[in-house]
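The values are calculated or read from the model by the stated rules, or taken from the named source; none is laboratory data. All values reported here derive from a predicted model rather than from experimental measurement. Here the Cβ positions follow ideal geometry from the backbone for every residue, glycine too, while neighbour counts run over all protein chains shown.
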Amino acid sequence: MQEESFDYNKAGVNIEAGDALVQRIKKMVGQNFRPGVMMEIGGFAGFFKPDWQRYREPVLAAAADGVGTKLKISVMMNKHDTVGIDLVAMCVNDLLVQGADPLFFLDYLAVGKLDVDQAAEIISGIVAGCRQAGCALLGGETAEMPGFYPPGEYDLAGFAVGIAEKERIITGKDIVPGDVVIGLASNGLHSNGYSLVRKVFFEHLSLDPLAVYSPLQCALGEELLKPTAVYVPLVLPLLQQYPLKGLAHITGGGLELNLLRILPPGTRAVLRKRSWDVPAIFKLLQEKGNIQEREMYRTFNMGIGMAMIVPSGTSEAILQYLKEKDWQAWSIGYIEEDKGTGPGVEITM
């Protein structure tokens with residue numbers, strides 16, 4: 001009896017499909033959105049030459065992140081062109097809050113079986129996110145891992161590198177009592193808390209992702225796939241014009257835990273809960289899941305995707321700038337002296 005012959009394709013890895021994907025996305029990825037890229041995609045590594053002359057003492061910054069179980073919603077809806085924006089946003093927003101300008105981005109896509117159309121759709125979102133952030137998509141990796149992921153499912157990771165002037169790195173060390181907290185509107189849930197979202201909506205209640213539930217204005221699945229806001233083009237110019245003392249990307253942990261990361265000793269933040277608009281999706285989730293309000297504010301962004309701490313004398317000018325850019329923003333609180341209990345964030349009525 002002749003022994004069966006094996007090859008990589010029989011093991012579940014299609015090399016030809018991988019090559020077809022590279023050829024399809026070459027033109028798409030080649031649309032780099034800032035100078036400095038030194039070679040086309042497809043090599044073993046990407047090269048980028050920063051404009052060092054723009055800085056007196058340049059410092060590189062790096063961030064890595066993923067999209068999390070929001071990808072389950074993408075698979076459920078068979079819509080894959082927005083999660084790439086989430087991936088870029090989660091990384092570049094983390095660079096931005098430290099005062100860094102994103103230079104380039106790398107992605108990692110892992111699948112059980114490579115679907116070229118699906119992968120190209122995913123990467124189109126990554127390209128769109130890089131366009132919004134003004135950074136180059138320098139390269140990436142697509143890993144076909146049969147038996148590791150269920151059919152149709154995948155995982156995404158992203159890596160961003162930025163540059164900052166050393167003396168202008170934002171750490172929060174200059175925050176003092178009397179400073180104002182400005183909140184920039186989120187685009188909904190962004191990319192955090194989806195394990196709880198899926199537990200409530202789809203495991204506990206078996207809601208239809210294609211249905212419209214009051215008070216939403218669109219299908220539930222469509223709402224859940226709204227991509228994370230990319231704040232780079234909005235905030236980067238502000239860094240050149242105003243003394244932004246502290247910036248916080250409001251991700252897992254909500255306003256409370258993320259603001260805590262930038263408050264220096266001797267200070268605490270007081271936020272006025274009713275000073276900003278909470279998107280309908282959060283109200284629906286809290287109601288359907290019977291979730292305690294404190295849990296909501298410690299898990300989700302609740303309508304504030306980024307918080308800025310600025311001197312009181314500049315808050316009105318900054319709010320006017322944001323209004324002119326057609327972005328909702330509010331003065332949501334202030335910094336006060338720590339009364340001896342240590343740095344904290346109080347969310348009041």
Q | Looking only at the range 228-271, and only at residues there that are of a type in the set (Gly, Ala, Ser) and within 16 Å of Met90 (Cα to Cα), the one that is surrounded by the fewest Cβ atoms within 10 Å (Cβ to Cβ) | A | Gly252
Q. If the Cβ limit is 9 Å and pairs must be 6+ apart or interchain, which residue in the range 51-71 that is closer than 23 Å to His190 by Cα and among the β-branched types (Val, Ile, Thr) pairs with which residue that is at pLDDT 95 or above and assigned to a strand (DSSP E or B)?
A. Val67/Asp155; Val67/Leu156; Val67/Ala157; Val67/Gly158
**Q.** Contacts under 7 angstrom Cβ, first residue in the range 226-245 being within 20 Å of Leu263 (Cα to Cα) and not assigned by TED's automatic domain parsing to the domain that holds Ala128, partner buried (at least 21 other Cβ atoms within 10 Å of the Cβ) and among the charged types (D, E, K, R), 6 or more apart
**A.** Lys245/Asp179
Q | Filter result for Gly252 (at pLDDT below 95 and closer than 19 Å to Lys226 by Cβ) | A | yes
Q. When you scan the range 272-282, how many residues do you find that are loosely packed, with under 15 Cβ neighbours inside 10 Å and not in a loop (DSSP other than H, G, I, E, B)?
A. 2
Q. If we scan the range 21-40, do we find a residue that is outside any helix (DSSP H, G or I), more than 30 Å from Gln240 (Cα to Cα) and at pLDDT below 80?
A. yes
Q) What tally of residues in the range 70-80 results from selecting those that are out of contact with any Pro (no Cβ under 8 Å at 6 or more places or on another chain) and surrounded by fewer than 18 Cβ atoms within 10 Å (Cβ to Cβ)? A) 4
(Q) Among the residues in the range 181-191, are any touching a residue at least 24 places away in the same chain (Cβ under 8 Å), closer than 28 Å to Ala110 by Cα, among the polar types (S, T, N, Q) and in contact with a Phe, Trp or Tyr (Cβ under 8 Å, 6 or more places away or on another chain)? (A) no
Q) Among Phe44, Phe104, Phe48, which is the only one that is among the aromatic types (Phe, Trp, Tyr) and closer than 23 Å to His190 by Cα? A) Phe104
